[in-house]
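This report concerns only the one structure given below.
The values are calculated or read from the model by the stated rules, or taken from the named source; none is laboratory data. Quick caveat: nothing in here was measured; it's all calculated off a predicted structure. Cβ placement follows ideal geometry from the backbone for every residue including glycine, while neighbour counts extend to all protein chains displayed.
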Amino acid sequence: MRPPFALFAISAALLAAVTPAFSPGFAQNRGAEMMQKLMAADTDKDGKWSQAEWTAAGRRDRGFTMIDVDKDGFVTREELRAGMERMRAMRGGGEMPATDAQ
């Protein structure tokens, strides 16, 4: 049997490792990181993303298909923002991560 202090130390270490993933700042940091990758992937700097640029940013083809509402082969900032709003609504609200797509 482990001493109570050892169990406490293990529990505290696990809690410290998991807590950032559930904090509000984590979602905001992830949203900002995603936006930075997308901005860098817009290689022709036209303010929209082709499917190749989208996947180069580490995003999934499925997401591109869902967000490209007008099916013109590009995701615009407006489509991205609307897609983020839909995701937020599906997840039950909460704060939307700050992005440059506003």
*Looking only at residues in region 38-73 that are of a type in the set (D, E, K, R) and surrounded by 15 or more Cβ atoms within 10 Å (Cβ to Cβ), which one is nearest to the chain's Cα centre (by Cα)?*
R59
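Okay, residues lined up against (1) of a type in the set (V, I, T); (2) modelled with pLDDT under 90; (3) in a helix (DSSP H, G or I):
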position: L7; (1), (2), (3): no, yes, yes
position: L15; (1), (2), (3): no, yes, yes
position: V18; (1), (2), (3): yes, yes, yes
position: G25; (1), (2), (3): no, yes, yes
position: W54; (1), (2), (3): no, no, yes
position: F64; (1), (2), (3): no, no, yes
position: V69; (1), (2), (3): yes, no, no
position: G93; (1), (2), (3): no, yes, no
position: Q102; (1), (2), (3): no, yes, no
*Is there any pair with a first residue in region 15-44 that is under 14 Å from R59 (Cβ atoms) and of a type in the set (D, E, K, R) and a second that is at pLDDT 55 or above and part of a helix (DSSP H, G or I) whose Cβ atoms are under 9 Å apart and which are 6 or more apart or on different chains, and what are they?*
K37/A56; D42/E53
